[in-house]
1. Would you please name the residue that is nearest to DNA strand F (Cβ to nearest atom), looking only at residues in segment B:23-37 that are surrounded by 18 or more Cβ atoms within 10 Å (Cβ to Cβ) and under 19 Å from B:PRO111 (Cβ atoms)?
2. If you go through segment C:77-96, how many residues are over 19 Å from C:THR172 (Cβ atoms) and surrounded by 19 or more Cβ atoms within 10 Å (Cβ to Cβ)?
3. If we scan segment D:12-22, do we find a residue that is among the charged types (D, E, K, R), surrounded by 13 or more Cβ atoms within 10 Å (Cβ to Cβ) and within 14 Å of chain C (Cβ to nearest Cβ)?
4. Only one of these is at pLDDT below 90, over 22 Å from D:TYR163 (Cβ atoms) and more than 8 Å from chain D (Cβ to nearest Cβ): C:ASN194, C:ASN136, C:ASN169. Name it.
5. Does segment B:2-52 hold any residues that are more than 8 Å from DNA strand E (Cβ to nearest atom) and among the hydroxyl-bearing types (Ser, Thr, Tyr), and which are they?
6. For B:GLU114, which of the numbered conditions (1) closer than 30 Å to A:LEU16 by Cβ; (2) within 16 Å of DNA strand F (Cβ to nearest atom) fails to hold?
7. Among the listed residues D:SER149, D:SER121, identify the single one that is modelled with pLDDT under 95, surrounded by 13 or more Cβ atoms within 10 Å (Cβ to Cβ) and either in contact with a Lys or Arg (Cβ under 8 Å, 6 or more places away or on another chain) or closer than 21 Å to D:LYS9 by Cβ (or both).
There are 4 protein chains.
Amino acid sequence: MENLAEKKKAILESTLALVKVNGFHGTPMSMVAKKAGVAAGTIYHYFESKDSLIFELYSYLKQQAIQVVRESQKPDATYQERFFALWFAFYTYYTSNPSVLCFFEQFVNSPYAEKAKSIPSELDELLHAFFEEGINSGQLRPVAPQILSMLAHGNAISLAKVYGIGKLNLATADLELVVQILWDGMSQKTSEINS
Amino acid sequence: MENLAEKKKAILESTLALVKVNGFHGTPMSMVAKKAGVAAGTIYHYFESKDSLIFELYSYLKQQAIQVVRESQKPDATYQERFFALWFAFYTYYTSNPSVLCFFEQFVNSPYAEKAKSIPSELDELLHAFFEEGINSGQLRPVAPQILSMLAHGNAISLAKVYGIGKLNLATADLELVVQILWDGMSQKTSEINS
Amino acid sequence: MENLAEKKKAILESTLALVKVNGFHGTPMSMVAKKAGVAAGTIYHYFESKDSLIFELYSYLKQQAIQVVRESQKPDATYQERFFALWFAFYTYYTSNPSVLCFFEQFVNSPYAEKAKSIPSELDELLHAFFEEGINSGQLRPVAPQILSMLAHGNAISLAKVYGIGKLNLATADLELVVQILWDGMSQKTSEINS
Amino acid sequence: MENLAEKKKAILESTLALVKVNGFHGTPMSMVAKKAGVAAGTIYHYFESKDSLIFELYSYLKQQAIQVVRESQKPDATYQERFFALWFAFYTYYTSNPSVLCFFEQFVNSPYAEKAKSIPSELDELLHAFFEEGINSGQLRPVAPQILSMLAHGNAISLAKVYGIGKLNLATADLELVVQILWDGMSQKTSEINS
DNA sequence: AATGAATGAGATTTCATTCAT
DNA sequence: CATGAATGAAATCTCATTCAT
């Protein structure tokens, strides 16, 4: 059970790839089946319904994202370093996996999200804790952690989208500048200087 | 174009409302017809197809958004004041019209967006010009205007979503703090202080 | 609304004919559509689902049966004459419409019947009243009307089935004998003689 | 044939139970397998197909019914006593095994019955012989044995169904009255009295 | 212009059956 | 013998679109 069954994984990955190109309703189960190399009926051994497949894919990807975020955190780094690492973890994850970003954005803005809201999100809790720590240790302005979390995460997503559009070349220097902007804006130090 | 035919407008507004609740693929034309109080066939007098209806709704809403942004700009205000006004115009528009936000987000992350990309976006141009002005006048850091635009707009959207989730009470003070953070981060002044 | 819409009626009649030959699950909607001369989707304008089609067919046929029974009753006939007329009405209806008999028998023994039980049956009430009258007027033995009703109706059905099997030629004389047997068994007179 | 293999029996009994609740087409093989505690594939070691399973179940139950009827017949009893015993054997069998009654009724009214008609029915022959004996010995009216058989059997089934509906309490006295009605109707004696 | 019944292609889902283990 | 994952044909049902009125 450690590794998802080969076929289940193939189905999830196929769905992810196809939803990016065709959207939810442009991706019939038959198409998923074909791309995954299984029979249409096989999908229903692993997932109760199309909705259930979408939900499980969402959970599956969120776990991946959490993993990525966790791995970015070096315990002996400073808080600011960890903030930068967190931001780049998100950014890199989304730019390397544009279909994941696309899927997430479709999902959270769809009626699916409403139904998934009841499930407590491990990722949200993780981010919440991270920003609370920054506030409590006096390194971040005293703003509600949900807001800071949304700002930082939303910011990484915005940049990843700019990258995805492809019109613009984003050099590492550009990115660092943006994160710096974000950090400067959120950090207590800037706040004090300006006041 | 000033006054859309009554029925056409009813169809657009009905679509908007229904897409928020049901998503694109959960909103059949028959449902739109019923909500708009017209026959199914009537929709096809005003729109070529469902896709065309979606596209026109997108244009229609973008015009609204542009209008809102334009009206927020007082010519005799300082650049920073106009920046704040711009941000609040977006924020207020999205929080007052959650279905618009929801529709936009669904749209831009769907395969529709790909097809709409060719159409030059007046809104994007407007924002681009606004941020270019800030850079040229030395009030904003020299970052690509697309990036600044994405950051500011994305930021307003993020906050509007936090508001939409409803778990959090966002006082005007909170919002001003956030825009301040954003401004501090983007403005040349902060940049100089930190260097 | 007096006459069922042409197409609706065609769908009902086609279903009836096909269920006799193929059974419930041997009669796909596509087959009904073909026989009724309509598109598959059209059925769903008139009926919510296949189950709903079956239920409506059941109601429709029960109304027919009630009509037949009602028409058999001449007000100026004696009770015994009316009993005979009732029995022959059922018998004739079922032998002339073997698919109705077949449908009823499949329906009442299927899980559908369970769901239809809540709906009060006009036919049952009519029969109940008829047999109660016979008991109250002293012409029938004092047995629960439901039982008498079931005996008489079940008896007509049994005979109609014998007819349907076709191995046996049932002359009118045979039938009259059987009804006579039934009447003799149920009537108070015989009861008294034997006691 | 005496002891069916454990598993084969489990499959048959599971099918019987499930068909009562779900009907033929509401009972997939997977459900039978689950209830019987075997794998889906295992069923196909014992039965060629689903149809074959249904047919064998029918035969299996008919053998049971014959057994029950046979055991009810005491050689030293009078004909009338044996008639009563026969009727009660059916009635008791069906009321104690409502799923059997339900299965039989579904089966004989389905397209399965058509295919099973070719197989000579031992039960029919047994009943035929019984009623022929009654006629030949002058105790029953001279009606075709098939008719008498259908009447008596149909009558027991009707009563068992009344019992099954459960709205009515059927005391033994009620039942005896009904059989008496039936006997009075069919017996030569009544016939003579009325003539 | 407006209607809404009708269409039929296509989507989701089921399930009898097979076969490698 | 037994398993149960896998199959894929076929069933139910949806819905964008048309067209006679």
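The values are calculated or read from the model by the stated rules, or taken from the named source; none is laboratory data. This is a predicted model, so every value here is computed, not measured. In this analysis, Cβ positions are derived from the backbone assuming ideal geometry, glycine residues included, and neighbour counts consider all displayed protein chains.
1. Across segment B:23-37, the extreme among qualifying residues is B:THR27.
2. Restricting attention to segment C:77-96, the residues satisfying the condition of being over 19 Å from C:THR172 (Cβ atoms) are C:78-79.
So of that shortlist, the ones also surrounded by 19 or more Cβ atoms within 10 Å (Cβ to Cβ) come out as none.
Residues meeting the conditions: 0.
3. Yes, that holds for at least one residue.
4. Details: C:ASN194 fails: more than 8 Å from chain D (Cβ to nearest Cβ); C:ASN136 fails: at pLDDT below 90.
Result of the check over C:ASN194, C:ASN136, C:ASN169: C:ASN169.
5. B:SER14, B:THR15, B:THR27, B:SER49, B:SER52
6. Evaluating B:GLU114 over (1) closer than 30 Å to A:LEU16 by Cβ; (2) within 16 Å of DNA strand F (Cβ to nearest atom) leaves (2) as the failure.
7. From the options D:SER149, D:SER121, the qualifying one is D:SER121.
Table: residues versus (1) over 16 Å from the mean Cα position of the chain (by Cα); (2) part of a helix (DSSP H, G or I); (3) at pLDDT below 95; (4) on the phi < 0 side of the Ramachandran plot.
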| position | (1), (2), (3), (4) |
| --- | --- |
| D:SER14 | yes, yes, no, yes |
| D:LEU18 | yes, yes, no, yes |
| D:VAL21 | yes, yes, yes, yes |
| D:GLY26 | yes, no, yes, yes |
| D:ALA33 | yes, yes, no, yes |
| D:VAL69 | no, yes, yes, yes |
| D:ASP76 | yes, no, yes, yes |
